[in-house]
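To start, the structure itself, in structure tokens.
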Amino acid sequence: MDCDRLKRLVKTWYSQVQEETMAPARMVTFMRQHIAECTICLGDLFVRQEVEKIIEVILPANKLRPAESDEPDDDEEDDSPRRTDDDEDEDETEDEEDDEDEDEDEDF
């Protein structure tokens, strides 16, 4: 990394990330913005590779690359309520009780 300004900024940003006063994703944005605008960084052939290494250190593994699809993984649990066989049995019992009540009313 040839740019002394970027080195100084990365140190400052990293300490803020460690103190939890800056989000890691914000640091990534700032680094990428700097290397896109800085004439020294634009001339440095290896700065992007070095920034990618820093990104791997500061970002959690699940945030490194966006998911390829929006479908949930098999490992993830679905929080939506599901109907079980027990629920169906309870409904049938309630229906039978309602039918018996109606039969009793007809006798009067």
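What follows is calculated from the coordinates using simple rules that are stated; it is not laboratory data. Bear in mind that the values here come from a model prediction, so they are computed numbers and not experimental data. With ideal geometry, Cβ positions are generated from the backbone for all residues, glycine too; neighbour counts draw on all protein chains shown.
Here are a few things to note about the model shown:
- Cut-off under 5 Å, modelled amide H: who pairs with A23 long-range: none
- With R₀ set to 22 Å, the beta-carbon distance separating E50 from A25 gives a calculated FRET efficiency near 0.75.
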